[in-house]
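Let me begin by handing over the structure; questions about it come next.
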4 protein chains.
Amino acid sequence: MTATSLPAPTGYSLPLSPSGTSAMITPPPWHFSGDVIMVDYRVDPEAAARFLPPGLDLGPDPGAAAAVFAEWQWCSESGAELADPATCQFSEFLLLIGCSHDGRPMARCPYAWVDQPVPMVRGWIQGMPKQFGAIHQTRPKPVGIAGQRPAPGERLHGSLSVSGRRVAEAGVELTGLADEPPFLHTVPLVHTRHFPAWTPDDEPVSDLVTSEVTGVEFTPVWRGEADLRLFDVLDGDFAALAPVEIGAGYVFSYAETLRGGRLLAPAADPGR
Amino acid sequence: MTATSLPAPTGYSLPLSPSGTSAMITPPPWHFSGDVIMVDYRVDPEAAARFLPPGLDLGPDPGAAAAVFAEWQWCSESGAELADPATCQFSEFLLLIGCSHDGRPMARCPYAWVDQPVPMVRGWIQGMPKQFGAIHQTRPKPVGIAGQRPAPGERLHGSLSVSGRRVAEAGVELTGLADEPPFLHTVPLVHTRHFPAWTPDDEPVSDLVTSEVTGVEFTPVWRGEADLRLFDVLDGDFAALAPVEIGAGYVFSYAETLRGGRLLAPAADPGR
Amino acid sequence: MTATSLPAPTGYSLPLSPSGTSAMITPPPWHFSGDVIMVDYRVDPEAAARFLPPGLDLGPDPGAAAAVFAEWQWCSESGAELADPATCQFSEFLLLIGCSHDGRPMARCPYAWVDQPVPMVRGWIQGMPKQFGAIHQTRPKPVGIAGQRPAPGERLHGSLSVSGRRVAEAGVELTGLADEPPFLHTVPLVHTRHFPAWTPDDEPVSDLVTSEVTGVEFTPVWRGEADLRLFDVLDGDFAALAPVEIGAGYVFSYAETLRGGRLLAPAADPGR
Amino acid sequence: MTATSLPAPTGYSLPLSPSGTSAMITPPPWHFSGDVIMVDYRVDPEAAARFLPPGLDLGPDPGAAAAVFAEWQWCSESGAELADPATCQFSEFLLLIGCSHDGRPMARCPYAWVDQPVPMVRGWIQGMPKQFGAIHQTRPKPVGIAGQRPAPGERLHGSLSVSGRRVAEAGVELTGLADEPPFLHTVPLVHTRHFPAWTPDDEPVSDLVTSEVTGVEFTPVWRGEADLRLFDVLDGDFAALAPVEIGAGYVFSYAETLRGGRLLAPAADPGR
């Protein structure tokens, strides 16, 4: 008996298996519903520029940046994951840098952390550089003293620790409703989908892509006074994105459906 | 120099320290705000009776029981913990058995699990038998496909795993608003505050106490069709509390302030 | 100022950054030193064959399989990771299936789990289908009652839980030294390096590769009577690899240096 | 039917249950086998004195202190826990201060952290102020580049993080075998067994006790040059125990059986 007469093991991702049901990652679309605490801030534009690959520039507002905490629930097309809350929830922290591609404003995510393995690997598939961290943010509760609610004067907080070291902390004291969502949460994300080479015959995958998203929903957006601290406990590249000025904070819920990617530029650029 | 001329190290709990600020547990009152998924069920009354210490009887509804998932935020009197969401949040799963003390309906908690150390130790101080587990429950989100919201037809879920084994799962499919909160969530808890003996000179602490609670708040309570599974992966005593009938499910938020305990009966009862 | 005049952000893996120091994964070589508990077992050969991609066959011993627990310490070429034990340790559980490529005996790994994010992503780079799990195995200690030591009559154990469900358990009661290491731990691993497509322009990466390893060291290998349980709590594909017969158990330490991969067959096979 | 005709639920600890098998903590004796990395250091004697309760003084070497990392395996009398490595392993970090009771040299543990709930609660029963932390230490491996072995020139490391903040780091570069174990690991521990009051009728349990230990075993003890950092991320009381001088480091394995406690002084001392 030889294996070659059988169909190859299959699946959207590893592990490949006879029926494909073992794959760690389900194929898109993926639906996300989340609660967000976001702080606008400014970085040294020159530092930001060094994080942009060829094809992107700093755009109309050089140095615009944001720190985003989000607590998500997700499911794939079938919705099956929602029946197991141990699987369908994760927390995320990411930085965003304002940029532009062919004159279109976009956001670049230089760093991101999540606390579950499935969204980490799914991030790498789409080019989002998700690592593992411990992320916590205030969960508003409708009753009692211990559940800050969106209302003027209430304070919400977020924190990120990586490998047992505190990396980021933020707080927002709400003042009122904003007219619109924070700008960097309204523009497309532009990622470098990167998969290292492994054999002498390989070239790394390294494509500039943007995410194709539908079903965007925002709740009303609360705005407030913010604080933000990024601690210098990682490498110098991360430290270069420390705040030089801190802007407004925002609290809102958000939903989207992520359907796939669109190629902006392949890696086959001979200049690289 | 001798230590005896100095004030003794102090604190509400261990670790005792010169100023008392190192104590793991802050003194009460403790404020709690939480989101609850609860399933009424029935156990074999004889099995329930074996979990009741002298002084308690099964009361007016022998065999009434409930399984409760709750995701809490808490703070002590100063509210300081709310500034660090890595500290002030925990999830809990517990069983309740209906009982009665001197004719007053109460609820007995034979088993409880939390996912943070501070509420675990705080449980032992008040007599609540909290162990460590992984607890997850659906978090409603106001927007999107992946955030089930309290509304007819929506399903919320909860699960408990202990030492890598699935112990409990529940689901509630909402049908409408209930007239009132589920009964076992409205009566006082009655605990045995137990601290083992350690030296030959000791007797264990073992007092029947009830909790003194103020500031109770309920949101409107959603009701629905429930399912509940308790898996036989712990000991036979736990298995004896498996459901013989499953009742309604409930989804609501709840707040209380826990102020201390009241002694119902000391252990020094010669009848024991 | 435009970003295009600057060097592109760089790195062996995501996150790409100006100096490349932010990359989650260091480039190979990677050095591994680990303690292993391994159980030989047999699966239905037909089930095993369905896990083999074109180019592999079941080889000389159809149905040969193994379950492997390993507790690793690792470092990259600089050795820097060894200074932070929170970073350089992980535990692993994997299944192996005996197979053959062009008449050369190899081992196929259909399922693997680790408990740290860096080895998980590193697994995907080399084609090893590592997911996240809780893995524990007996750690021999040279003194005392609670530290089973390699010696006749001693029992060592391992367990795997995934998402709070027990997936695998094994035990080995040692009888004496083996003449040689277990066969499936001595042959090269053959993986499918798979990276999903994301944009309409993509084809998935899907290459058959083998790992290039140097510096292999074994301690003397203990052998014993084994038990092994794979629980049917994942999908049917995993369940198809349940033991039909359980062979010997082995306990040993092992080291290797992983230097990269070698391409056995590209995905560009037009038959796929 | 009333419960009062039934035997009371029982157990060494909570949860009490009909047969007592649900208790989280088994009764002593408890057997421990562990690998230790220990650093002798010196604190300000006046700071140390403030951590000593009445009945203890600083003894013959005021300011002697140690930081101890240990990775344990444990079991109770039956040995049953050893069959489940997910249950019988934990890591610990603790500080020790040299002291004296009635002229007998002892060690006081002002702070301790473990990474598993059972040893945390067991610590409170015996008066050891164990909190929850993430503790990692080098695991020597007998083969390969990534497993530092006890030998001259090798470096072993330990770290403690609490709530996502790095609290302690230590390293030892081995120089040779020591003549004897480090002093503070050879003297009895003296604890304050403290259980807070809960009802208006209670007094806190607060007894000065020492641990009764048998079956002590040491492997040969390696000695070396040490470094130690305690970070000021907890309260001021902890910060007061920062090193003013760092002594030798030690690496060894150790076993003991903990059989119970002996009362040195009850809290009812009217002098308090």
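The values are calculated or read from the model by the stated rules, or taken from the named source; none is laboratory data. As the structure is a prediction and not an experimental result, all values here were calculated from the model. Cβ atoms come from the backbone with ideal geometry, glycine included; neighbour counts cover every protein chain shown. Just so you know, the surface numbers come from the protein's heavy atoms only, side chains and all, with ligands and any DNA or RNA stripped out. Shrake-Rupley method; radii C 1.70, N 1.55, O 1.52, S 1.80 Å.
Provide the percentage of antiparallel DSSP beta bridges, counting only those with both residues in the range D:29-266; round to the nearest 5.
95 percent
Also, quick follow-up: Defining the label point at 7 Å along Cα→Cβ, can you sort the distances from residue B:236 to the same site in each other copy, shortest first, in nm?
3.8, 5.7, 6.7
Quick one: compute the contact order of the range C:136-272, relative version, from alpha carbon pairs under 8 angstrom and 6+ residues apart, as a percent.
It comes to 25 percent, rounded to a whole number.
With everything on Cα atoms, drop me the angle between helix A:117-126 and the longest principal axis of chain A, reported from 0 to 90° to the nearest 10.
Orientation of helix A:117-126: about 80 degrees from the principal axis.
Rounded to a whole number, what is D in µm²/s for the protein assembly as shown from Stokes-Einstein with the Kirkwood radius over alpha-carbon pairs (10 °C, 1.306 mPa s)?
52 µm²/s
Here is a further query. Which residue is it, in chain A, whose C-beta lies closest to the A-to-B rotation axis, and what is that distance in whole Å?
Spelled out, residue of A and its Cβ distance from the axis onto B: A:139, 4.
Same structure, new question: The range B:201-267: percent of C-alpha pairs farther apart than 14 Å?
Percentage above 14 Å: 76.
Karplus couplings for the range B:144-155 from phi (6.51 cos²θ - 1.76 cosθ + 1.60, θ = phi - 60°), rounded to Hz, Gly and Pro as x?
x, 7, 9, x, 4, 10, x, 6, x, x, 6, 10
Points 7 angstrom from Cα along the Cβ direction at residue B:248 and residue C:21: gap in nanometres?
Inter-label distance under the simple model: 6.2 nm.
For residue A:130, give me every one of the lysines with a C-alpha distance below 26 angstrom, ignoring sequence neighbours fewer than eight places off in its own chain.
B:141, C:130
Right, another one. Once you put a point 7 Å from the Cα of residue B:104 and another 7 Å from the Cα of residue C:177, both along the Cβ direction, what distance in nm separates them?
Those two pseudo-labels are separated by 7.2 nm.
Each label point is 7 Å from the Cα along the Cα-to-Cβ direction; what then is the distance between the points at residue D:186 and residue A:61, in nm?
6.8 nm
Another question, if that's okay. Note the buried accessible area between C and A here, summed over both chains, with a 1.4 Å probe, in Å² to the nearest 100.
Accessible area lost upon association: around 6200 Å².
Could you state how much accessible area residue D:87 has, in square angstrom rounded to the nearest 10, with a 1.4 Å probe and all protein chains kept in place?
50 Å²
A further question on this structure: In whole Å, what is the distance between the alpha-carbon centres of the range A:61-86 and the range C:131-189?
38 Å
Stokes-Einstein at 10 °C, 1.306 mPa s, Kirkwood radius from Cα pairs: D for the range D:3-96 in µm² s⁻¹?
Value of D from the Cα-based Kirkwood radius: 94 µm²/s.
Taking θ as phi - 60°, what are the ³J(HN,Hα) couplings along the range C:185-198 by the Karplus curve (6.51, -1.76, 1.60), each to the nearest whole Hz, with x for Gly and Pro?
The phi angles translate into 9, 10, 9, x, 7, 10, 10, 9, 6, 10, 9, x, 5, 9 Hz.
Label-to-label distances across copies for residue B:46, with labels 7 Å out along Cα→Cβ, in nm, shortest first?
Counterpart label points of residue B:46 in the remaining copies fall at 4.9, 7.0, 8.4 nm.
Leaving out ligands and nucleic acids, note down the accessible area per residue over chain B with a 1.4 angstrom probe, in whole Å².
In whole numbers, chain B has 34 Å² accessible per residue.
Restricting to Cα pairs below 8 Å that are 6+ residues apart, what does the relative contact order work out to for the range B:40-138? Please round to a whole percent.
Worked out over the range B:40-138, it gives 24 percent.
Would you please report the Å³ per residue occupied by the convex hull of the alpha carbon atoms in the range B:29-266?
Working: hull volume 34.5 nm³, N = 238.
So the per-residue Cα hull volume is 145 Å³.
At residue B:225, label 7 Å along Cα→Cβ: distances to the other copies, nm, ascending?
Once sorted, the set of distances for residue B:225 reads 5.1, 5.3, 7.3 nm.
Okay, moving on. Taking 8 Å as the Cα distance limit and 6 or more residues as the minimum spacing, I'd like the relative contact order of the range C:29-266 as a percentage.
Reported relative contact order: 24 percent.
A further question follows. Rounded to the nearest 500, what is chain D's calculated 222 nm mean residue ellipticity when only DSSP H runs of at least 4 contribute -39500 (n - 2.57) each, over all residues?
-1500 deg cm²/dmol
Taking the C-alpha atoms of the range C:32-159, how large are the radius of gyration and the largest Cα-Cα span, Dmax, in Å?
So, for the range C:32-159, Rg and Dmax equal 16.8, 52 Å respectively.
Can you send over the carbon and sulfur percentage of the accessible area for the range B:29-266, probe radius 1.4 Å, protein chains only?
Carbon and sulfur atoms account for 51 percent of the accessible area of the range B:29-266.
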